[in-house]
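The structure appears below as structure tokens.
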Amino acid sequence: MIKVGLLGAGYMGGMHAACYEALNDLGVKVTAVADVYEDAAQELADKYQDIVVYGSSEDLIENADVNVIDICLPTHLHAKYAVAAMKKGYDVFCEKPVCLTESDMELMLKTKNETGAKLMVGQVIRLWTEYVWLKETVDQGTYGKVLSGVFQRVSARPTWAKEGWIHKPELSGGSAVDMHIHDTDFVRYILGDPDEVKSIAYRNEDGMIEQIFSIFSYGNNVAVALEGGWDFPQTFPFSATYRVKLEKATVTLDNAGKLTVYPNEGEPFEPNLEPEFESKEDLGGNVSSLGGYYNELKYFVEGLQGKNDLSVATLEEAIESVRLVKRELESAGGLVVK
Ligand SMILES: NC(=O)c1ccc[n+]([C@@H]2O[C@H](COP(=O)([O-])OP(=O)(O)OC[C@H]3O[C@@H](n4cnc5c(N)ncnc54)[C@H](O)[C@@H]3O)[C@@H](O)[C@H]2O)c1
């Protein structure tokens, strides 16, 4: 049995707990949860059976009956607890963005290499059905090479984060690092690191980036535009879309989640995709189903069981994606400009 100790009982902690519950039959169970707000940890534990509650991450890592640590903490804390967990001999799932600083990146890599721990990062879009389809379509050359693309991820301002940590640049990296990294990472996944990066940003009154617009170029002929932002009104719907022009077709994911292929010749059609796993619970946040979160944790559990090599969302890849977002921030003039 894979016994998971969950660090953080906030939005993502709740999401991961629901996914592990749905994956019980694979031989995985959350056995411990920690949150500095112990009542939040207790509330999460009460939804399931036999979960021991801890008031600190240190206490859980030191004393709980677990063999895996799943980190759903504010981003600036990821490296500290990932390192502690790996040193204790545990495998780790760490939410994205994996960490914010070069020194944390190096420490995580060094500890992983020294301990031999397995570590997967929650770059969930790599496991999100419509994006998995696009990755396979590009890799298999079904419609030829990518010529251009537009990737967009926009939402209402996040309000759930405890003590507003997500709006503090030194804790979250702001919208560009926290949310936009999904698309930066995915574009890297299908096309690699761009030759050139150009970004501009819209900033709030404190000078912090709230919306970022980037162009990645690959040689002379391939260009991709990306937009990420989370400063829209509370009624504004979350939207994650793409439009990719390939040699023989253009493919779109619209903001209703509909995937369409427009072949250069012939009629448009919607590819048949596996339906997403639906949760009975109210999950809050941006999603109504377990979606890619279920897929990624299933992949993680199966990786721990030796059924895959956990190569889809590695620490090394996640670090390179943070570095690419930092190139975007640099091009835009910095995360915060007073
Ligand atoms: N993959 C995705 O699509 C996705 C979506 C949202 C958030 N995230 C990431 O997940 C992580 C968590 O975000 P969230 O939205 O769940 O935030 P959140 O504020 O809802 O939850 C974080 C929880 O951690 C707790 N906490 C803080 N310090 C702690 C400590 N030292 N020990 C134990 N508990 C502590 C807080 O009390 C809070 O309950 C972030 O890195 C975020 O970027 C990923």
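The values are calculated or read from the model by the stated rules, or taken from the named source; none is laboratory data. Given the structure is predicted, the values throughout are model-derived calculations rather than measurements. Virtual Cβ from ideal backbone geometry, glycine too; neighbours counted across all protein chains shown.
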State whether the residues of the stretch 45-56 include one that is within 21 Å of A161 (Cβ to Cβ), assigned to a loop (DSSP other than H, G, I, E, B) and within 21 Å of the chain's Cα centre (by Cα).
-> no
Answer residue from the stretch 285-335, given it is among the polar types (S, T, N, Q), out of contact with any Asp or Glu (no Cβ under 8 Å at 6 or more places or on another chain) and touching a residue at least 12 places away in the same chain (Cβ under 8 Å) and is surrounded by the fewest Cβ atoms within 10 Å (Cβ to Cβ) among those | Q305
Say whether the condition of being touching a helix residue (DSSP H, G or I) at 6+ places or on another chain (Cβ under 6 Å), within 11 Å of the ligand (Cβ to nearest atom), assigned to a strand (DSSP E or B) and in contact (Cβ under 8 Å) with a residue 40 or more places away in the chain is met by at least one residue in the stretch 103-120.
-> no
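Being in the same structural domain as L6 (by TED's automatic domain parsing), polar (S, T, N, Q), buried (at least 23 other Cβ atoms within 10 Å of the Cβ) and within 25 Å of V312 (Cβ to Cβ) is the requirement here; does T115 meet it? So that I can check it myself, show each step before the final result.
Values: in the same structural domain as L6 (by TED's automatic domain parsing): yes; polar (S, T, N, Q): yes; buried (at least 23 other Cβ atoms within 10 Å of the Cβ): no; within 25 Å of V312 (Cβ to Cβ): yes.
Criteria not met by T115.
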Tell me, which helices (runs of 4 or more DSSP H) lie completely within the stretch 149-194 with 1 or more residues that are more than 13 Å from the ligand (Cβ to nearest atom)?
-> 169-172, 181-191
Could you tell me whether the stretch 58-70 includes any residue that is at pLDDT 95 or above, more than 9 Å from the ligand (Cβ to nearest atom), crowded, with 21+ Cβ neighbours inside 10 Å and of a type outside the set (A, V, I, L, M, F, W, C)?
-> yes
Hits in the stretch 80-99 (condition: surrounded by fewer than 23 Cβ atoms within 10 Å (Cβ to Cβ) and over 21 Å from L304 (Cβ atoms)) = K80
Tabulated pairs, the stretch 221-241, first touching a residue at least 24 places away in the same chain (Cβ under 8 Å), second among the basic types (K, R) and surrounded by fewer than 18 Cβ atoms within 10 Å (Cβ to Cβ), C-beta under 6 angstrom, 6+ apart or interchain = W230/R157; D231/R157
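Restricting to the stretch 176-196, name every residue that is farther than 22 Å from W128 by Cα and crowded, with 20+ Cβ neighbours inside 10 Å. Even if it seems obvious, please write down each step before you answer.
First pass over the stretch 176-196, keeping only residues farther than 22 Å from W128 by Cα: 194-196.
If the condition is that a residue be farther than 22 Å from W128 by Cα and crowded, with 20+ Cβ neighbours inside 10 Å, then P194 is the only one that fits.
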Which of (1) out of contact with any helix residue (DSSP H, G or I) (no Cβ under 6 Å at 6 or more places or on another chain); (2) more than 9 Å from the ligand (Cβ to nearest atom) does L77 not meet, given it meets every other one?
-> (2)
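Pull up the stretch 2-29, narrow it to residues that are in a loop (DSSP other than H, G, I, E, B) and more than 15 Å from the ligand (Cβ to nearest atom), then point me to the one that is nearest to the chain's Cα centre (by Cα). Steps first, please.
Within the stretch 2-29, the subset in a loop (DSSP other than H, G, I, E, B) is 8-10, 23, 27.
Next cut, more than 15 Å from the ligand (Cβ to nearest atom) only: 23, 27.
Numbers: L23: 19, G27: 24 Å.
Within the stretch 2-29, the match that is nearest to the chain's Cα centre (by Cα) is L23.
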Do you know which residues across the stretch 167-176 are aliphatic (A, V, I, L, M) and at pLDDT below 95?
-> A176
